[in-house]
1. In region A:309-344, how many are under 13 Å from residue A:378 (Cα atoms), within 14 Å of another protein chain (Cβ to nearest Cβ) and either assigned to a loop (DSSP other than H, G, I, E, B) or out of contact with any strand residue (DSSP E or B) (no Cβ under 7 Å at 6 or more places or on another chain) (or both)?
2. I'm told residue A:101 meets every condition in (1) touching a residue at least 12 places away in the same chain (Cβ under 8 Å); (2) more than 31 Å from the chain's Cα centre (by Cα); (3) over 25 Å from residue A:506 (Cα atoms) except one. Can you identify the failing condition by its number?
3. Out of curiosity, is residue A:207 crowded, with 21+ Cβ neighbours inside 10 Å, modelled with pLDDT of 95 or more and within 14 Å of another protein chain (Cβ to nearest Cβ)?
4. If residue A:427 meets every condition in (1) closer than 30 Å to residue A:194 by Cα; (2) within 12 Å of chain B (Cβ to nearest Cβ) apart from one, which number is that one?
5. Counting just the residues of region A:238-249 that are within 9 Å of the chain's Cα centre (by Cα) and not in a loop (DSSP other than H, G, I, E, B), which one comes out surrounded by the fewest Cβ atoms within 10 Å (Cβ to Cβ)?
6. Search region A:259-278 for residues being modelled with pLDDT of 95 or more and not in a loop (DSSP other than H, G, I, E, B), and hand back the single one that is farthest from the other protein chains (Cβ to nearest Cβ).
7. Among residues belonging to region A:375-392 that are away from chain B (no Cβ under 14 Å) and surrounded by fewer than 19 Cβ atoms within 10 Å (Cβ to Cβ), point out the one that is nearest to residue A:336 (Cα to Cα).
8. When the residues of region A:181-197 are narrowed to those that are touching a strand residue (DSSP E or B) at 6+ places or on another chain (Cβ under 8 Å) and surrounded by fewer than 21 Cβ atoms within 10 Å (Cβ to Cβ), which ends up farthest from residue A:56 (Cα to Cα)?
């Protein structure tokens, strides 16, 4: 459906070039630093599992122990696998337990032969973890072949969020039966700022359910049953965001999650996580997602909840271009880029619907091969559920008209309650009506040449290019510090999780990064 | 007119609409059950206008009907705004004249609440509904701590910034988290700072009962639809009107808007 906006290809190419120039230094930063969460993800792939009696995972205890002895700058792989050889412990979780009890001293192997041996052992152990990820990916491909993809585009994305995984499961299955193609389990409020991943099946959460490996496994297994029943592969989504982004990615890969929310700047802007921590964690998590065949969902919709959706429309485009650059650099293919955008223009603004159409079409044409994620109105949902349902209908119509890939179903009770069973039913009825009645309207819909929609798209793109130009000159970190996105000022030397960042020392070794970049 | 009843299309007809779900499949009996519920809720006669089964064991109903209840508007207890609504210019002028320094405001979402939309709407330059946020006010020095701030962090920052007022936003209400967090916050400030040194404590969020200020130990509660200008006007009213004295005794009906 490319070509409806008559975008100037030289401007588009310039925008991409600028995004690369703005993102380049950040990639360098990510390549030369590690974080506690990256190292914990490596240990998870190497087979460390479980938690101590306080619920602190053994990966945290092990990383903390290594860090106390030799720092983080060499990575934990060499000290850990060297210690396994010197102590004769052959179970890495047992080693973590011993280390937590203070019974193991860690050192970076000094002799070349020792280092080579530790490296080889680390490679083998993490290789086993990556093999699990590969098997899970092949399994997904097989199941999709067997049960099939959804018959329509956009895929219908629904959220469950009870706080209790055993309540989530029947709700998710019911949502799938009612038409959802993708189930997202919203995380408990606050999880993004936990510097560890909780363990086990959980039944207590606030406005969401904790993301744990066991919860992932339970939900995926339940949706496999439902996929079989429905003859349609139902995808599962969670969040690779917050302080444990790399570990979430690793767990998602090992438990065959299908999509992960993973934005390059969301944690910085909206959770006040340190920018460097975020970029380092993000690169690693995207490399894992690339390997696992997971589709990422980026979070540009969020900018529009704080900034004005008309004035700041170009910041969404800029962020999409940056997200695309970072994703490609990390090895993700276009089909894995669920770039986000949203229907958040104040409905009182004249021509708001035409503006939404122009913005949505711009995203579609800039990223023709990406399954764009189209997010429903939230900011201007007032509690007037009747108007809300109407807005959601227009949102659905834009989604159908502009060929969006993933449609997050809007709830008329947004900003009122967590969705009730009936809210979801009404919302799905709304989607079905629009897709059945106007799902192919895009065939007839061509904006007038030089008309309002084309002009608006052109203007947003040119504003995006101007902003990228400034960012590339000023550096992305400074732009973030100055409040360019979402009006949030986030300097690089502040924010949560900064103390978990370390610059690579000479001889830093990470067997997972090595394998993923091979 | 002080005695009123709901209005459908004729004065005094008492018509209301209601929707709900019952955990049973749709059949005649389910419709009867829906009407029974409506009847017990005071709708008489009740008309079942829509019934639709959802999934296996649930049915959604829409019921219209007449209620006989009367409402006496004289007996309604609400929180009226008890301070003048000022423009940004006026707010700045009053602070300059009375305080002779900038007024320090510290804002945060506390507890596990990650929804900064409320605090940002009030504090961010961008503001909401066409009104600029408190950062726009020249005479207000705003520190926005963002989301998931712990209570001790908040108290410490308030102390360090010599906060005249602390604004706390709470959106998540699951298991009354907003009430528990607010109580913990007000208790911490009472413990950490003597009366008179304590900043004005203000909470806001869409699900607060504005009458609960006293019970929660805060000076003011702002509910849904509050704009930055109202908050700024209140700050000026409350802080410049009490030069040294401790805050006025807290009563439930004092809170405003």
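The values are calculated or read from the model by the stated rules, or taken from the named source; none is laboratory data. A quick note: this is a predicted structure, and the numbers were derived from the prediction, not measured. Don't worry about glycine lacking a Cβ; one is built from the backbone with ideal geometry, like all the others, and counts go over all protein chains shown.
1. If we filter region A:309-344 for residues that are under 13 Å from residue A:378 (Cα atoms), which is where we start, we get A:309, A:341-344.
Narrowing the set further to residues that are within 14 Å of another protein chain (Cβ to nearest Cβ) leaves A:309, A:342, A:344.
Add one more test, that the residue is either assigned to a loop (DSSP other than H, G, I, E, B) or out of contact with any strand residue (DSSP E or B) (no Cβ under 7 Å at 6 or more places or on another chain) (or both), and what stays is A:309, A:344.
Total meeting the criteria: 2.
2. Of the numbered conditions (1) touching a residue at least 12 places away in the same chain (Cβ under 8 Å); (2) more than 31 Å from the chain's Cα centre (by Cα); (3) over 25 Å from residue A:506 (Cα atoms), the odd one out for residue A:101 is (1).
3. Considered against the rule, which asks whether it is crowded, with 21+ Cβ neighbours inside 10 Å, modelled with pLDDT of 95 or more and within 14 Å of another protein chain (Cβ to nearest Cβ), residue A:207 comes out as no.
4. (1)
5. Taking region A:238-249 as the starting set, the residues that turn out to be within 9 Å of the chain's Cα centre (by Cα) are A:238-241, A:245, A:249.
Narrowing further to those that are not in a loop (DSSP other than H, G, I, E, B): A:238-239, A:245, A:249.
Values: A:238: 27, A:239: 25, A:245: 33, A:249: 32.
Here the answer is A:239.
6. So, considering only residues that are modelled with pLDDT of 95 or more and not in a loop (DSSP other than H, G, I, E, B), the one farthest from the other protein chains (Cβ to nearest Cβ) is A:259.
7. A:390
8. Ranking the candidates gives A:193 first.
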